[in-house]
1. Under DSSP H, which helices of the chain have Cα atoms covering 30 Å or more of the helix axis and a Kyte-Doolittle average no less than -1.0?
2. Can you give the extra length, in nm with one decimal, that the chain gains between THR314 and SER187 once fully stretched, where that is 0.36 nm per residue apart less the Cα-Cα distance?
3. Is it possible to state the helix-based mean residue ellipticity at 222 nm for the chain, with each DSSP H run of 4+ residues giving -39500 (n - 2.57), the sum divided by total residues, to the nearest 500 deg cm²/dmol? What is it?
4. Once you order the gyration tensor axes a ≥ b ≥ c over the Cα atoms, which shape class does the stretch 45-134 get: rounded for a/c under 1.5, otherwise prolate or oblate by comparing a/b with b/c?
5. In nanometres, what is the gap between the two model label sites at LEU45 and LYS288, each 7 Å from Cα along Cα-to-Cβ?
6. Cut-off 10 angstrom, C-alpha nodes, Gaussian network model of the chain. Which of VAL18, VAL134, VAL279 fluctuates the most?
7. Going by the alpha-carbon gyration tensor, a ≥ b ≥ c the square roots of its eigenvalues, is the chain rounded (a/c under 1.5) or, if a/c is not under 1.5, prolate (a/b greater than b/c) versus oblate?
8. Tell me, what is the Rg over Rh of the stretch 96-206, with Rh the Kirkwood radius over Cα pairs?
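We did not get these values from a lab; they are worked out from the coordinates using the rules stated. Treat the numbers as computed from the prediction; the structure is a model and nothing was measured. Counting neighbours? That spans all protein chains shown, and the Cβs are built from the backbone with ideal geometry, glycine included.
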Amino acid sequence: MTITSQALAHVANISPYVPGKPVSELQRELGLTHITKLASNENPLGVSEKVTQAAQAALKDLGRYPDGNAFYLRSAIAEFTGRDITEVMVGNGSNELLEFVGRVFAGPGDEIIFSQYAFAVYGITAQIVGATPVEVAAKDYGHDLDAMAKAITPKTKVIYLANPNNPTGSFFSADQLHAFMAKVPKSVVVVYDEAYLEYVERDDAPSGLALLDAYPNSIVTRTFSKAYGLAALRVGYLLAHADVVGLLNRIRAPFNVNTLSQVCAVAALADQDFVNASVALNTTERTKMVDHLTRMGFEPLASEGNFICVDMKTHAATLHQQLLHLGVIVRPVANYGLANFLRISIGTPEENQHLITALSQVI
Ligand SMILES: *Cc1c(COP(=O)(O)O)cnc(C)c1O
């Protein structure tokens, strides 16, 4: 008997999350110097100058534990969102918060619903807590909300929705969301993941805040990793009714968000000009990228995020490898069942050009 056979079966069966390849890893492997990473939906502008200054100022406090209640960050988020501070929780990335919801509300014998092609963390969370993952077939690469509502059973405890969705970039409207919520029993938690909220420029977009007002069983998650540019710091937040936040807080480690992350997130939230500039750049560059790739014969899915999921019309693993050799890191999504697709984050004009040049060399 081996010690590994003693592990919980539902944990041993998990396929670990596959992150985008770090720049340093490609440097190490291929000795390249000019590398463009368009693989993790990071902000190509980096961080606001105000964040850099806040980080500098906070360095003198690194000898002390963080504020375990993240008072200033939660206050800033409460003010920004118009919620009460008791309705705000912060996490080590919104990833941690997504997992907290699963751990508090679901266990063995329960079901967690999410869409095919939705963010991998939802399915992994179901597995971590020993619940049954219920993946509902997508429609046009996005959430089929009617089918998801039909998949609800008395065992359903949590439903995860991503809008826009990663990796496909798909989007559903406020009307669609409210029609869905009307069918969800009040006893089922609905997590509305707004990781790419800032990039959405449509008038028919749902409001996570309106969702909270209308449905006490809803939870909204957001992140500082994307439009705010703080991916390295791992900080996200959750909005929910105060009693739900109170429950989630019971399983939170005392200092889950570190001092630098708290301080930088406060500074990032205060610099909405930086966010707006990041979003404007993304919109322009996403349009250009879609045009380029379409002219090259590829088929990008419509995206409301800072990335596009592109049908490369061939098994994309080879293309991915060839691009790595030319110093361009994109994201294969075969693990999502999208073997012919690549997910490409929108970068600066120079980065995007690097990708287009490399692609034209390999096709
Ligand atoms: C990137 C992403 C997140 C959050 O990531 P964190 O860095 O953990 O905050 C959450 N949901 C989706 C759909 C994402 O793409």
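1. Those that pass (Cα extent of 30 Å or more, hydropathy at least -1.0) are 272-295.
2. 41.3 nm
3. Helices in the chain give a 222 nm mean residue ellipticity of -12000 deg cm²/dmol.
4. It comes out prolate by the Cα gyration axes.
5. Rounded to a tenth, the inter-label distance reads 1.5 nm.
6. Between VAL18, VAL134, VAL279, it is VAL18 that shows the largest mean-square fluctuation.
7. Note, shape of the chain comes out rounded.
8. Looking at the stretch 96-206, the ratio lands at 0.94.
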